[in-house]
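Accompanying notes for the structure given below.
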Amino acid sequence: MKILTLDLMKQAAMIGHSRQDAFLGVVGDSLEEWVENTCAIKLHERNASKLLPAEYVDGGRRNLVPMYHPIVGVTSVVDREDSSVTDAENYRWNAWRIWKRDESNWRSGDQRWIVTYSAGYDQDDIPATLKLGMLMLCKRWYDNRPGASSGSAMGESVNWADYVDTDINQILSSHTFERPF
């Protein structure tokens, strides 16, 4: 697990034993993966590099929108068509997008731009509300897990969306990036 710890998950679910620790670790990994995919964010282990592999991004719009967020740094933007490197002075970026300083569109083309960037959260900078939403989801799953009446956490695979209600949805949606197309 990158963000959630076994201790935090056990506190959230009010588990006072260690019989299911290994399984809870797998559940935590699954939950973090689901949150990454659902919210289009990247989660990292503490002190790990947030630099991601170069990513091909479509052009033709005002913004280049990489897959993972929040963007915390841009190393390079390269045009695949002519291998030209965009000077860092000619673009700006925020947590969700990269745009040209002159506000013009990026040259058009499917996967035309190669963007090398850093993105994501680790245990030290994840918003508390996002971590809370993940822990609430963990607790809700534990309280309603398959085989709960027999004390077993084993059973079917977890469909995390089944455990998202209005409260958790509001928390996660405030950290979810929606692509503008």
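The values are calculated or read from the model by the stated rules, or taken from the named source; none is laboratory data. Note that the structure is a prediction, hence the values are computed from the model and not measured. All Cβ positions, even for glycine, are placed from backbone atoms using ideal geometry, and neighbour counts span all protein chains on display.
The single condition among (1) among the β-branched types (Val, Ile, Thr); (2) over 16 Å from His175 (Cβ atoms); (3) surrounded by 12 or more Cβ atoms within 10 Å (Cβ to Cβ) that Val85 does not satisfy is (3).
Please verify whether the range 115-122 includes one or more residues that are over 18 Å from Pro66 (Cα atoms) and either outside the structural domain of Ile41 (by TED's automatic domain parsing) or among the charged types (D, E, K, R) (or both). So far as the range 115-122 goes, yes, one or more of its residues are over 18 Å from Pro66 (Cα atoms) and either outside the structural domain of Ile41 (by TED's automatic domain parsing) or among the charged types (D, E, K, R) (or both).
Among the residues of the range 54-69, are any of a type in the set (Lys, Arg) and not assigned by TED's automatic domain parsing to the domain that holds Arg19? Scanning the range 54-69, I find at least one residue that is of a type in the set (Lys, Arg) and not assigned by TED's automatic domain parsing to the domain that holds Arg19, so the answer is yes. Thr38 meets the conditions (1) within 19 Å of Ala128 (Cα to Cα); (2) among the polar types (S, T, N, Q); (3) over 16 Å from the mean Cα position of the chain (by Cα) in every case but one. The failed one is (3). Taking (1) under 26 Å from Met134 (Cα atoms); (2) modelled with pLDDT of 95 or more; (3) surrounded by 12 or more Cβ atoms within 10 Å (Cβ to Cβ); (4) in contact with a Lys or Arg (Cβ under 8 Å, 6 or more places away or on another chain) in turn, Trp106 satisfies each apart from (1).
Given the condition under 26 Å from Asn169 (Cβ atoms), in a loop (DSSP other than H, G, I, E, B) and assigned by TED's automatic domain parsing to the domain that holds Met134, answer yes or no: does some residue in the range 31-40 qualify?
First pass over the range 31-40, keeping only residues under 26 Å from Asn169 (Cβ atoms): 31-40.
Within this subset, residues satisfying the condition of being in a loop (DSSP other than H, G, I, E, B) are 40.
Now restrict to residues that are assigned by TED's automatic domain parsing to the domain that holds Met134: 40.
Checked the range 31-40: at least one residue is under 26 Å from Asn169 (Cβ atoms), in a loop (DSSP other than H, G, I, E, B) and assigned by TED's automatic domain parsing to the domain that holds Met134.
Note on the range 78-130: residues that are without any contact (Cβ under 8 Å) to a residue 12 or more places away in the chain and on the phi > 0 side of the Ramachandran plot total 1. Elements of the type strands (runs of 3 or more DSSP E) sitting completely within the range 51-165 and holding at least 2 residues that are in contact with a Ser or Thr (Cβ under 7 Å, 6 or more places away or on another chain): these cover 71-79, 113-119.
Take the residues of the range 58-115 that are of a type in the set (Phe, Trp, Tyr) and within 23 Å of the chain's Cα centre (by Cα): which is nearest to His44 (Cα to Cα)?
Here the answer is Tyr68.
Checking each residue in the range 1-30 for being surrounded by 13 or more Cβ atoms within 10 Å (Cβ to Cβ) and not in a helix (DSSP H, G or I) picks out Met1, Lys2, Ile3, Leu4, Thr5, Ile15, Gln20.
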